[in-house]
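K.L.:
Got a structure for you, written out below as structure tokens; questions coming shortly.
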Amino acid sequence: MSRSKSSPTRITQVDVEPLNIALIEPFAIATGRVTSARNVLVRVTLADGAVGLGEAAPFPPSGGETQETALAAAEGMRSLIEEHDAGAWRTLSARLAASFEHQESARAAVEMAVLDALTRSYGIPLYQFFGGAESTVETDVSIPIESPAHMAALAARYAERGARVLKIKVGTDVEDDADRVLAVAESAPDCDFILDGNQGYTAREALDLLDALDSEDMQPILFEQPVHRHDFEGLRYVTERARVPVAADESVHTAADALRIARMGAANVVNIKLMKSGIVEALDIAAVCRAAHIRLMVGAMMESRLGVAASAHLVAGLGGFEYIDLDTPMLLADDPFTGGFEQEGMVYSLERVKAGLGVTLK
């Protein structure tokens, strides 16, 4: 790994600080309810003056991280990358993973900041650096677990704003969840629907929900993580019996997890999230899935425009993602960032990004 003092892309400084952002309203899923994003901001400065930004969005039920642990981990990573060349970003990622294996969101933030700084230095947008397959992505919108009437009102509002796919959070009680899903479907009849169990069901309960919806002529286009993340057999049980595609989300943090899913036939789709894996591992997960003919999805934790822009650049760069779930900036009361993409309806365009992520603090 280069420590050349003359390299313009040598990392000269790493800064870490808390990033707290209020939500428009509380957001509830099967594993918890949040009222604000308690994240971490990382800045990486290169010898040529280029500055990159990265965001960690920890969520304890998914990876066990909190804002406090992510802050400590990101601070601990400083000595592992300062004075090294950002051009060796894969080697730097391996170095971070060797010492901070289970601090995925913190690693994602540092990798994000390094790659943002590097591609700003190179004068190339990050999505082009990743391959430039596309320049736009279209996201779904998530509907949290609330009363059927409130969920229906949210669905109608998002449909009016141009949403074509709604992701409905479920995973509590099968009968209550069925009522919620049907209320949303009635209020937004032209939208397709994804169910997201967030680990809340047993395998049998997940199939019971699909049966209940089928009896009402309601069929989702995808059922995401219906069972606990460690219940690979349960996930396979649902996948083999459901009449819709099933996605692994919390079950997949690494390329090895994706390979296990592929060998077992435990899911048809894998949801890649930078906060679960970091950027380099996300690239490896995508490669495993493509080789195994598993369809690709991308998602986010409670991230600002900064974190979501990184995922959008990854998706546009690689291409071939069938399911896009990058709506979280729309849930924030006041996003502190601007740029990264231009939004029209639910379509994010990266075409005007000149270099890096294109995101700046307001």
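K.L.:
Just wondering, is there one or more residues in region 156-170 that are more than 23 Å from GLY299 (Cβ to Cβ) and β-branched (Val, Ile, Thr)?
P.N.:
Taking region 156-170 as the starting set, the residues that turn out to be more than 23 Å from GLY299 (Cβ to Cβ) are 156, 160.
From what's left, β-branched (Val, Ile, Thr): none.
For region 156-170, residues more than 23 Å from GLY299 (Cβ to Cβ) and β-branched (Val, Ile, Thr): absent.
K.L.:
A follow-up question, please. Give GLU111, GLU65 a once-over and let me know the one that is out of contact with any Gly (no Cβ under 6 Å at 6 or more places or on another chain) and either more than 21 Å from THR9 (Cα to Cα) or not in a strand (DSSP E or B) (or both).
P.N.:
Working: GLU111 fails: out of contact with any Gly (no Cβ under 6 Å at 6 or more places or on another chain).
Only one candidate qualifies: GLU65.
K.L.:
Same structure, new question: Taking the stated definitions as given, is LEU222 surrounded by fewer than 19 Cβ atoms within 10 Å (Cβ to Cβ) and under 18 Å from ALA155 (Cβ atoms)? Walk me through how you get there before you give the answer.
P.N.:
Working: surrounded by fewer than 19 Cβ atoms within 10 Å (Cβ to Cβ): no; under 18 Å from ALA155 (Cβ atoms): yes.
So LEU222 fails the test.
The rows are residues; the columns are (1) surrounded by fewer than 21 Cβ atoms within 10 Å (Cβ to Cβ); (2) touching a residue at least 24 places away in the same chain (Cβ under 8 Å); (3) of a type in the set (Asp, Glu).
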{"residue": "HIS293", "(1), (2), (3)": "yes, no, no"}
{"residue": "GLU303", "(1), (2), (3)": "no, yes, yes"}
{"residue": "HIS313", "(1), (2), (3)": "no, yes, no"}
{"residue": "TYR323", "(1), (2), (3)": "no, yes, no"}
{"residue": "LEU326", "(1), (2), (3)": "no, yes, no"}
{"residue": "PRO329", "(1), (2), (3)": "no, yes, no"}
{"residue": "ASP334", "(1), (2), (3)": "yes, yes, yes"}
{"residue": "GLY339", "(1), (2), (3)": "yes, yes, no"}
{"residue": "TYR348", "(1), (2), (3)": "no, yes, no"}
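K.L.:
Are any residues in region 73-103 among the small types (Gly, Ala, Ser), surrounded by fewer than 15 Cβ atoms within 10 Å (Cβ to Cβ) and farther than 26 Å from PRO8 by Cβ, and if so, which ones?
P.N.:
Those that are among the small types (Gly, Ala, Ser), surrounded by fewer than 15 Cβ atoms within 10 Å (Cβ to Cβ) and farther than 26 Å from PRO8 by Cβ: ALA98, SER99.
K.L.:
Could you check how many residues of region 43-58 are surrounded by 24 or more Cβ atoms within 10 Å (Cβ to Cβ) and either free of Cβ contacts under 8 Å to residues at least 12 places away in the same chain or in a loop (DSSP other than H, G, I, E, B) (or both)? So that I can check it myself, show each step before the final result.
P.N.:
Let us first name the residues in region 43-58 that are surrounded by 24 or more Cβ atoms within 10 Å (Cβ to Cβ), namely 44, 52-58.
Then drop every residue that is not either free of Cβ contacts under 8 Å to residues at least 12 places away in the same chain or in a loop (DSSP other than H, G, I, E, B) (or both), which leaves 57-58.
Final tally of qualifying residues: 2.
K.L.:
While we're looking at this one, here's another question. Go through region 256-271 and give me each residue that's of a type in the set (Val, Ile, Thr) and touching a residue at least 40 places away in the same chain (Cβ under 8 Å). Spell out the reasoning first.
P.N.:
If we filter region 256-271 for residues that are of a type in the set (Val, Ile, Thr), which is where we start, we get 261, 269-270.
Hit for region 256-271 is VAL269, nothing else.
K.L.:
Can you tell me which residue within region 175-204, out of those that are in contact (Cβ under 8 Å) with a residue 24 or more places away in the chain and surrounded by fewer than 18 Cβ atoms within 10 Å (Cβ to Cβ), is farthest from ALA155 (Cα to Cα)?
P.N.:
Filtering region 175-204 for residues that are in contact (Cβ under 8 Å) with a residue 24 or more places away in the chain and surrounded by fewer than 18 Cβ atoms within 10 Å (Cβ to Cβ), the one farthest from ALA155 (Cα to Cα) comes out as THR202.
K.L.:
Which condition number does GLU65 fail, the rest of (1) at pLDDT 95 or above; (2) in contact with a helix residue (DSSP H, G or I) (Cβ under 9 Å, 6 or more places away or on another chain) being met?
P.N.:
(1)
K.L.:
What strands (runs of 3 or more DSSP E), lying completely within region 163-224, carry at least 1 residues that are more than 21 Å from SER251 (Cα to Cα) and touching a Pro at 6+ places or on another chain (Cβ under 9 Å)? Outline the logic, then answer.
P.N.:
Details: elements: 165-169, 192-196, 222-224.
Filter on region 163-224 gives 192-196.
K.L.:
A further question follows. GLU250 fails exactly one of the following numbered conditions: (1) under 12 Å from the mean Cα position of the chain (by Cα); (2) buried (at least 24 other Cβ atoms within 10 Å of the Cβ). What is the number of that condition?
P.N.:
So the condition that GLU250 fails would be (2).
K.L.:
Does LEU361 satisfy the condition of being over 24 Å from ASP192 (Cα atoms) and buried (at least 24 other Cβ atoms within 10 Å of the Cβ)?
P.N.:
no
K.L.:
For VAL270, state whether it is in contact with a strand residue (DSSP E or B) (Cβ under 6 Å, 6 or more places away or on another chain), modelled with pLDDT of 95 or more, β-branched (Val, Ile, Thr) and surrounded by 21 or more Cβ atoms within 10 Å (Cβ to Cβ). Break it down into steps so the answer makes sense when it comes.
P.N.:
Working: in contact with a strand residue (DSSP E or B) (Cβ under 6 Å, 6 or more places away or on another chain): yes; modelled with pLDDT of 95 or more: yes; β-branched (Val, Ile, Thr): yes; surrounded by 21 or more Cβ atoms within 10 Å (Cβ to Cβ): yes.
Considered against the rule, which asks whether it is in contact with a strand residue (DSSP E or B) (Cβ under 6 Å, 6 or more places away or on another chain), modelled with pLDDT of 95 or more, β-branched (Val, Ile, Thr) and surrounded by 21 or more Cβ atoms within 10 Å (Cβ to Cβ), VAL270 comes out as yes.
K.L.:
Now for a separate question. Please go through (1) over 15 Å from ALA30 (Cα atoms); (2) among the basic types (Lys, Arg); (3) in a strand (DSSP E or B) for ARG236 and return the number of the only condition it doesn't satisfy.
P.N.:
Status for ARG236: all satisfied but (3).
K.L.:
Of the numbered conditions (1) surrounded by fewer than 18 Cβ atoms within 10 Å (Cβ to Cβ); (2) over 24 Å from PRO26 (Cβ atoms); (3) not β-branched (Val, Ile, Thr), LEU213 satisfies every one except a single condition; which is it?
P.N.:
(1)
K.L.:
If only one of ALA117, ALA153 is touching a Leu at 6+ places or on another chain (Cβ under 7 Å) and either within 26 Å of SER277 (Cα to Cα) or of a type outside the set (Val, Ile, Thr) (or both), which one is it?
P.N.:
Within the list ALA117, ALA153, the selection yields ALA117.
K.L.:
If you don't mind, another one. Quick one: which residue in ASP196, ASP214, ASP190, ASP208 is touching an Asp or Glu at 6+ places or on another chain (Cβ under 6 Å) and at pLDDT 95 or above?
P.N.:
Details: ASP214 fails: touching an Asp or Glu at 6+ places or on another chain (Cβ under 6 Å); ASP190 fails: touching an Asp or Glu at 6+ places or on another chain (Cβ under 6 Å); ASP208 fails: touching an Asp or Glu at 6+ places or on another chain (Cβ under 6 Å).
The unique qualifying residue is ASP196.
The values are calculated or read from the model by the stated rules, or taken from the named source; none is laboratory data. Keep in mind that what you see is a predicted model, and the values were worked out from it rather than measured. Methodologically, a virtual Cβ is constructed for each residue, glycine included, from the backbone with ideal geometry; neighbour enumeration extends over all protein chains shown.
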